[in-house]
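Peer 1: Input: one structure, supplied below.
The values are calculated or read from the model by the stated rules, or taken from the named source; none is laboratory data. Owing to the predicted nature of the structure, the values given are computational and were not obtained by experimental measurement. Neighbour counts are summed over all protein chains in view; Cβ atoms, including those assigned to glycine, are modelled from backbone coordinates with ideal geometry.
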Amino acid sequence: MNTFKTAFLMTALTLCLVLLGQHFGGRNGMLLAFIFAAGMNFFSYFYSDKLALTMYRAQPATREELPRVYQVVERMTQRIGLPMPKIYVIPSDSPNAFATGRNPKHASVAVTQGILNLLNDDELEGVLAHELGHVRNRDILTSSIAATLAGAITMLARMGYWASLFGGYGDSRDRERGGGGLGALFMLILAPIAATLIQLAISRSREYEADATGAHITGNPYALASALEKLDAYSKRLPMQASPSNAHLFIVQPLLSGRDFANLFATHPPISKRIEKLIGRSSVYGVQER
């Protein structure tokens, strides 16, 4: 199923890029956009994980530097038959984590310094099991590609908008059919929204699936539920700035630019709903609202 989702995502976002190219540059623009999309698909498949890790200044961590993480991950990967992923640490006090990579053999798990300081051993195990759930469910490639291509569409829409203001890439008839500056403005707004909606349609259910897989791996759903509740509270006190194009990678949604935007394009289900699916009620400590 995730192989189908990945193919659908790459095809859908490629079509968005091609349509953008046609709008801004006619046939020549469409051809250039197709070449650009093919290059982005290649880059996304092989290098999207490295892009995400670099964006958040994640550094590879040794066993001596992160013994708690290594011990937990080694134990769980041996239990469920997964290769040992690469471990990274993000120099941020905001508590969060994500997994990325194109398959289990090329997976990476990144944790912030803040999550290591916040969670006890059982809660940290629950979070790492959730991330290994993404690896086991093979949705890390889908999410990594979504991050790269959604960002690419946003960038191309902006480039096309500014190009249209200074004459565009196509001939006069192409630009006339495109609707001029007003049409370009609409594309600037609508294209990133379309890319994001495609991304969200694939990414939101994966959090429930990874929660369930993580709870099954540890046999302790309360630990993950407790971790989620803590992460939700503390990440709001110490927000982590993230790009809308890859916010879905994290275990809890980081801060997006603009409260209304964050609510409209929430990449994660509500924490209370995730906790309820894990333990049958919406809060471990009895303080969250449903």
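Peer 1: So Ser44 ticks every box in (1) of a type in the set (Gly, Ala, Ser); (2) at pLDDT below 70; (3) more than 21 Å from Ala247 (Cβ to Cβ) but one. Which box is left unticked?
Peer 2: (3)
Peer 1: Which of the numbered conditions does Val284 fail, given that it passes all the others? Conditions: (1) modelled with pLDDT of 85 or more; (2) part of a helix (DSSP H, G or I).
Peer 2: (2)
Peer 1: Over 24 Å from the mean Cα position of the chain (by Cα) and more than 21 Å from Glu207 (Cα to Cα): does that describe Thr62? I'd like the intermediate steps shown before the answer.
Peer 2: Working: over 24 Å from the mean Cα position of the chain (by Cα): yes; more than 21 Å from Glu207 (Cα to Cα): yes.
So Thr62 passes the test.
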